[in-house]
Amino acid sequence: MKPWVFISILALMAILVAGCTTVPVPSQGQGQVPPTGTLTTGPVVTLPVTSVVDVLVMQKDSVYSTVDVVFGGGNGQVLVSSCNVVFTRSDGTSETRQLKPEKGATVTLQGTKGTDHVEVSVTMKDGKTYKIIDQQVPYRTRG
């Protein structure tokens, strides 16, 4: 491979990766709670290995349009005081539900036939809140 091709590819990769960072969400105690209840996604936080918790957002049911959010546990499970799920439907309505920080705990949310939006935040026992999931949940037809 010619050197200029390699350098060009390397420069292009550096440009694509530049600016990709994780922004921590300020805790509620600091008075800067990020806006919730919108259909657009935002930044999320990757927790340290010792604090990791696993929350799964399942695919929307193709018949009933329901979405299950499941707490999967993890190394940081004992550090979580609460887990908050904000679900915004494509029609603009939203609901907030508490997900117990217990392995296997599930909340089922009623979605729409459009693309809905789910945000999951965990509050740790030290009072800090982190948004760990912010994603859209599209409606999928059967077949």
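Rule-based calculations on the coordinates, nothing more; no lab input. Treat the numbers as computed from the prediction; the structure is a model and nothing was measured. Every residue, glycine as well, gets a Cβ built from its backbone with ideal geometry; the counts of neighbours run over all protein chains shown.
Worth pointing out:
- Taken over segment 116-143, the residue count meeting the criterion of being over 14 Å from Ser51 (Cβ atoms) and out of contact with any strand residue (DSSP E or B) (no Cβ under 7 Å at 6 or more places or on another chain) is 6.
- Some residue of segment 57-68 being out of contact with any Lys or Arg (no Cβ under 9 Å at 6 or more places or on another chain) and among the polar types (S, T, N, Q): no
- Exactly one residue out of Lys125, Lys113, Lys60 is touching a residue at least 40 places away in the same chain (Cβ under 8 Å), charged (D, E, K, R), surrounded by 17 or more Cβ atoms within 10 Å (Cβ to Cβ) and more than 14 Å from Leu39 (Cα to Cα), and it is Lys60.
- Which listed residue is closer than 15 Å to Asp61 by Cα and acidic (Asp, Glu), from Asp134, Asp91, Asp116: Asp116
- Filter result for Leu79 (loosely packed, with under 13 Cβ neighbours inside 10 Å, touching an Asp or Glu at 6+ places or on another chain (Cβ under 9 Å) and of a type outside the set (D, E, K, R)): no
- For segment 97-110, filtering for residues that are touching a residue at least 40 places away in the same chain (Cβ under 8 Å) and either under 15 Å from the mean Cα position of the chain (by Cα) or buried (at least 19 other Cβ atoms within 10 Å of the Cβ) (or both) leaves 3.
For every residue, the table says whether it meets (1) among the acidic types (Asp, Glu); (2) within 20 Å of Gly42 (Cβ to Cβ); (3) part of a strand (DSSP E or B).
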{"position": "Asn75", "(1), (2), (3)": "no, no, no"}
{"position": "Cys83", "(1), (2), (3)": "no, yes, yes"}
{"position": "Ser90", "(1), (2), (3)": "no, yes, no"}
{"position": "Leu109", "(1), (2), (3)": "no, yes, yes"}
{"position": "Val118", "(1), (2), (3)": "no, yes, yes"}
{"position": "Thr123", "(1), (2), (3)": "no, yes, yes"}
{"position": "Asp134", "(1), (2), (3)": "yes, yes, yes"}
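- For segment 41-72, filtering for residues that are not in a loop (DSSP other than H, G, I, E, B) and not β-branched (Val, Ile, Thr) leaves 6.
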